[in-house]
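Each remark here refers to the structure printed beneath this line.
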Amino acid sequence: MNSDKYYPYKAAPLGYDIKALSPHISEYTLYFHHDKHYCGYVEKLNALLKDLPVMQNVPLEGLTKMNDADIRTNAGGIFNHELYFASLTPEYREPSARMKRKMQESFGSPENMIKLLYDTAMDIVGSGWVWIGEDQGGRLEILTTKDQETIDLDKYVPLIAIDMWEHSYYLDRQNRRSEYADAVMNVINWVGAENRLSDG
Ligand SMILES: [Fe+2]
């Protein structure tokens, strides 16, 4: 989704009102998450690349797999958060028949997939992400990454990213991570996920 993005990076606005996900995710949490955490990655990556013209010509997706940990982390911080905010919606809709068919083909049933997504999110230790990716054969997979690592974008089309870092929920729910996982399931943007499928 970010393949055409290059230095200098500009923070993308939220695609919805900052209060729109409440009560699932509060305005307060979204403000810090978007305006401070995410925008912080944009500022840091721009500062890191300021004097590195060769890196300025590498697209954001390429930077997410650089050996340089600072560049990789801050590029991942941008890519992952942009997909996270796009993975949420105040206008929740059930997965479409087409999306449900994909879930069934890959996991036996949509319910199995959603339970596995939830359980995988809950099993993450420390800071990390849970993803729904589409592999090159068109099958859905649930994947995890640590810190600000991004899934392998050569192997998967990323459909959904869920931020399981504490800053995603601590202001609202303190240590009650399962409440956050429940809340996220109420605002997953299945329409957006379907639009990102490789065959459109
Ligand atoms: Fe985050």
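The values are calculated or read from the model by the stated rules, or taken from the named source; none is laboratory data. The model shown is predicted, which means the values in this text are computed figures rather than measured ones. Glycine also receives a Cβ, built like all others from the backbone with ideal geometry; neighbour counts cover every protein chain displayed. These area figures cover heavy atoms from the full protein model, side chains too; ligands, DNA and RNA do not enter into them. Shrake-Rupley method; radii C 1.70, N 1.55, O 1.52, S 1.80 Å.
Within region 130-182, track down each residue that is within 16 Å of the ligand (Cβ to nearest atom) and of a type in the set (Lys, Arg).
146, 173, 177
When you scan region 18-87 for helices (runs of 4 or more DSSP H) that lie fully inside it, which ones turn up with 1 or more residues that are open to solvent by 50 Å² or more (accessible area, probe 1.4 Å) and either touching a Gly at 6+ places or on another chain (Cβ under 8 Å) or closer than 30 Å to residue 183 by Cβ (or both)?
27-30, 39-49, 69-86
So, in region 66-122, how many residues would count as being within 16 Å of the ligand (Cβ to nearest atom) and among the acidic types (Asp, Glu)?
Of the residues in region 66-122, 1 are within 16 Å of the ligand (Cβ to nearest atom) and among the acidic types (Asp, Glu).
Tell me the helices (runs of 4 or more DSSP H) entirely within region 109-200 that contain at least 1 residues that are surrounded by 13 or more Cβ atoms within 10 Å (Cβ to Cβ) and touching a Lys or Arg at 6+ places or on another chain (Cβ under 8 Å).
The helices (runs of 4 or more DSSP H) meeting that bar are 110-123, 177-185, 190-196.
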